[in-house]
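Derivation of every value follows stated rules applied to the coordinates shown; laboratory data play no part. As the structure is a computational prediction, the values presented were derived from the model and not from experiment. Glycine gets a Cβ as well: all are built from the backbone with ideal geometry, and neighbour counts include every protein chain shown.
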Amino acid sequence: MRTGLAFLVLAFALSGCSRHSDPVARGQAMFASYDCKKCHMVDGDGGTLGPDLTLVGFRKSPEFLDVWLRNPGAWKADVSMPNFHFADGVRSDLVAYLATLQGQAYLEGARPWDHADLAGDPVKRGEEIYERVGCVTCHNKRGKGGYPNINAVGGRIPTLTAVAEGYSKDELVKKISDGVRHPGKADAAGADPLLYMPAWGEKLKKDELEAVADYLISLKPQGAASGDSW
């Protein structure tokens, strides 16, 4: 009996040790501890002051997440997210957790852009997808762009307000589907830009890609010239 009890105590202790040695579990606990959901939504739960993080692990690399969490304002001067001054270990654990957020809830269950209010309006549906999957975190509200991207050509994320000038709808759908994994470098010998466009065709259905394209086409103001190369 004593041997069995000792085994159970040891097993419990080891399981606890295992939990605490898992950076993803620690990162998830830190995410809750810092009340990140007050501003950020994950899997349909949380605030809307900051971007939806449901797909952040798909659209952002661990390297960028680490740089961002180190000091958001150093990357983007007018950012609303404060510098939490995370210790290196905490930041590393948060990155490990955020990297696991690949849109599981949105892609396996009900998608937030599939509701009656958006039925029959592909432009509004495309705008909802653009916001919820996180296109807005790089291309800004209504495709205004301007966010920094170190060593990318032009040093910033391109605007999308006039992409209709350079692409047909089918070409836009393909561009969004394929992504831009390796943006052009300003300095060919320098490091790759940390921000890139993922292949959204891996996560979105054809009709969803088409809705995003419809939304981008709708952004073009009358008489606008072509936007940045994208």
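General observations
- Taking Cβ atoms as reference points and 12 Å as the exclusive limit, the residues near A96 contribute a net charge of -1, counting Lys and Arg as +1 and Asp and Glu as -1.
- Mean shadow area of the stretch 25-79, taken as a quarter of the surface of its Cα convex hull (nm²): 4.1 nm²
- Each peptide among 88-95, 211-218, 55-62, 72-79 gets the average number of other Cβ atoms lying within 10 Å of its residues, and from highest to lowest they stand as 211-218, 55-62, 88-95, 72-79.
- P(r) of the stretch 112-230 over all Cα-Cα pairs, binned every 5 Å from zero, in whole percent: 2, 12, 20, 25, 20, 12, 6, 2, 1, 0, 0
- Note that the stretch 199-213 has calculated 3J(HN,Hα) couplings of 7, 5, x, 6, 10, 10, 6, 4, 5, 6, 4, 5, 5, 5, 4 Hz, one per residue in order, obtained from phi through the Karplus relation 6.51 cos²θ - 1.76 cosθ + 1.60 (θ = phi - 60°); glycine and proline are x.
- Listed options for semi-axes √(5λ) of the Cα gyration tensor in Å are [x] 38, 22, 15; [y] 25, 18, 18; [z] 40, 28, 16. The value calculated from this structure is the one marked [x].
- Applying 1/(1 + (r/R0)^6) with r as the Cβ-Cβ distance of D178 and H115 and R0 = 41 angstrom yields a FRET efficiency of 0.90.
- Among 191-201, 140-150, sorting by the average number of other beta carbon atoms lying within 10 angstrom of each residue, highest first, gives 191-201, 140-150.
- Mean Cα-pair separation over length for the chain, i.e. relative contact order, pairs under 8 Å, 6 or more apart, %: 19 percent
- Given +1 at the Cβ of Lys and Arg, -1 at the Cβ of Asp and Glu and no other charges, the dipole of the stretch 71-230 around its Cα centre is 260 debye to the nearest 20.
- Reachable lysines from K169, criterion Cα separation under 23 angstrom, eight or more residues apart if same chain: K124, K141, K144, K203, K205, K206, K220
- Relative contact order for the stretch 99-230, counting Cα pairs under 8 Å that sit 6 or more residues apart, in percent: 30 percent
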